[in-house]
Amino acid sequence: MWTPAARAELARESLPYASSLTDAEWGLIAPLLPEPSRVGRPWRWPLRAILDGIQYILRTGCAWRHLPLDFPPWSTVHRWFLRLSKAGVFERLAHALTLADRERAGRQASPTGALLDAQAARSGGVGVKGERGYDPARRVVGRKRHALTDTDGRLLLATVSTADRHDSHGGVALLQASRRLWPFLAHCFADQAYQGERVGNATAITVEIVRPDKGQKGFAVQPRRWVIERTFGWIARCRRLARDYEATPSSALAFFVLAAAMILVRHIASTL
C-alpha cells in the first residue's frame, strides 16, 4: 500500500530513477554477484547498469522492449536476467541477505520457525505465453506463488506453479526443500489449506494450523500469519508482480525472489 512512509522509504531523488541502486546498496550486493571471466570478451556494460535495468522492469512493470534508453539495450538486460535466473543468483542473493539481516537484528542466522502461504497471480492477459491454470477458490486464471518465510517475514524459499495446483502440494515441496538450506526449522505456521497428513507428515517440521476465531465474519488479522501476508504486501509494490506476465515459471520465480531480496537490501543498507 502506498503510504507517506512507504514513499519516503523508496524515494531516490538523487538518482536518475527511483528503482536505481544507491552506492550503499550496490556495495552490499556486489560481492554476491558473478565477476567477469578472465578469458573471453570483456563485458561491454557494467553489471550495476544491468541490475538497475532489471530493477526498473520489476518496479514499473513495463515491457522489456519499453526499457528507457538510459539503460543498456533491452535485449542485453533481458539476456542477463535470464542468465542470472538460470544460474540461481537471485536465490543465493536472497539466502545470503536473509542470513545477514537476521544477524543484524540480533537473531540466530538460521531460523527455527517459519510461515507458509500461497498467493494466486492473475494471468497477464490474452496472448501471454506459458502454461497457466484456474484456481476455483480465488477465481483466478494464472499462476500461484508459494512462499516460506521466517517469523519476521524474510523470504526463505519460494516456488511457482499453475494456479490449479493446491496450496498443500506447494507447501510439501517447500518444506522438503527447506531441509537443505534451513536445517534447523522445527515449527511452521500455516492456514487451513495445509491441514492434513500430506503436509504434516512431509518432514519432521511441526505444522501448526492457525484457524480463524469461531463466528468470525469478514477480514480479521490472524496471529502469526499476518507476517507472511505483510511480506506479500511489500512484494506487491513491484508492478511487474501485479499480474503474471512471464512466459516461464522460472522467470516468474526469479522476479518474485529478487523483489524479496531487494527489500532486505534496502533494510540493511539504511543502517550502514
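Meeting the requirement of 1 or more residues that are of a type in the set (Val, Ile, Thr) and farther than 30 Å from Gly124 by Cβ, the strands (runs of 3 or more DSSP E) wholly within the range 143-239 are 206-209.
From the residues in the range 213-236 that are surrounded by 12 or more Cβ atoms within 10 Å (Cβ to Cβ), farther than 24 Å from Val141 by Cα and free of Cβ contacts under 8 Å to residues at least 60 places away in the same chain, which one is farthest from the chain's Cα centre (by Cα)? Among them, the one singled out is Gln222.
The set of residues in the range 244-272 being part of a loop (DSSP other than H, G, I, E, B) and crowded, with 17+ Cβ neighbours inside 10 Å consists of Tyr245, Glu246.
On the given criteria, is Leu99 in contact with a Ser or Thr (Cβ under 6 Å, 6 or more places away or on another chain) and closer than 30 Å to Pro36 by Cβ? Criteria not met by Leu99.
Just one of the numbered conditions (1) in contact (Cβ under 8 Å) with a residue 60 or more places away in the chain; (2) touching a Leu at 6+ places or on another chain (Cβ under 9 Å); (3) crowded, with 16+ Cβ neighbours inside 10 Å is not true of Arg239: (3). Scanning the range 139-153 for residues that are touching a helix residue (DSSP H, G or I) at 6+ places or on another chain (Cβ under 9 Å), open to solvent by less than 20 Å² (accessible area, probe 1.4 Å) and either basic (Lys, Arg) or on the phi < 0 side of the Ramachandran plot (or both) yields Arg143, Lys144, Arg145, His146, Ala147, Leu148, Thr149, Asp150.
Scanning the range 51-79 for residues that are buried (at least 20 other Cβ atoms within 10 Å of the Cβ), assigned to a helix (DSSP H, G or I) and of a type in the set (Phe, Trp, Tyr) yields a count of 1. Is at least one residue of the range 106-123 out of contact with any helix residue (DSSP H, G or I) (no Cβ under 6 Å at 6 or more places or on another chain), among the polar types (S, T, N, Q), surrounded by fewer than 14 Cβ atoms within 10 Å (Cβ to Cβ) and modelled with pLDDT of 90 or more? Looking for residues that are out of contact with any helix residue (DSSP H, G or I) (no Cβ under 6 Å at 6 or more places or on another chain), among the polar types (S, T, N, Q), surrounded by fewer than 14 Cβ atoms within 10 Å (Cβ to Cβ) and modelled with pLDDT of 90 or more, one finds at least one in the range 106-123, hence yes. Pairing residues of the range 157-170 that are within 17 Å of Tyr245 (Cβ to Cβ) with residues that are open to solvent by 20 Å² or more (accessible area, probe 1.4 Å) and not in a helix (DSSP H, G or I), at Cβ distances under 8 Å and at least 6 apart in sequence or on separate chains, gives Thr162/Glu131; Thr162/Arg132; Ala163/Ala120; Ala163/Arg132; Ala163/Tyr134; Ala163/Arg138; Ala163/Val141.
Restricting the range 124-138 to residues that are closer than 19 Å to Gly170 by Cβ and not small (Gly, Ala, Ser) leaves a set whose member that is most open to solvent (accessible area, probe 1.4 Å) is Glu131.
Pairs linking a residue in the range 25-50 that is without any contact (Cβ under 8 Å) to a residue 12 or more places away in the chain to a residue that is of a type in the set (Lys, Arg), with Cβ atoms under 7 Å and 6 or more positions apart or on different chains, do not occur. Of everything in the range 169-202 that is aromatic (Phe, Trp, Tyr) and surrounded by 17 or more Cβ atoms within 10 Å (Cβ to Cβ), the residue that is nearest to Ala114 (Cα to Cα) is Phe189.
The values are calculated or read from the model by the stated rules, or taken from the named source; none is laboratory data. Note that the structure is a prediction, hence the values are computed from the model and not measured. Cβ: placed from backbone, ideal geometry, glycine included. Neighbour counts: every protein chain shown. Accessible surface areas use protein heavy atoms only, side chains included; no ligands, DNA or RNA. Shrake-Rupley method; radii C 1.70, N 1.55, O 1.52, S 1.80 Å.
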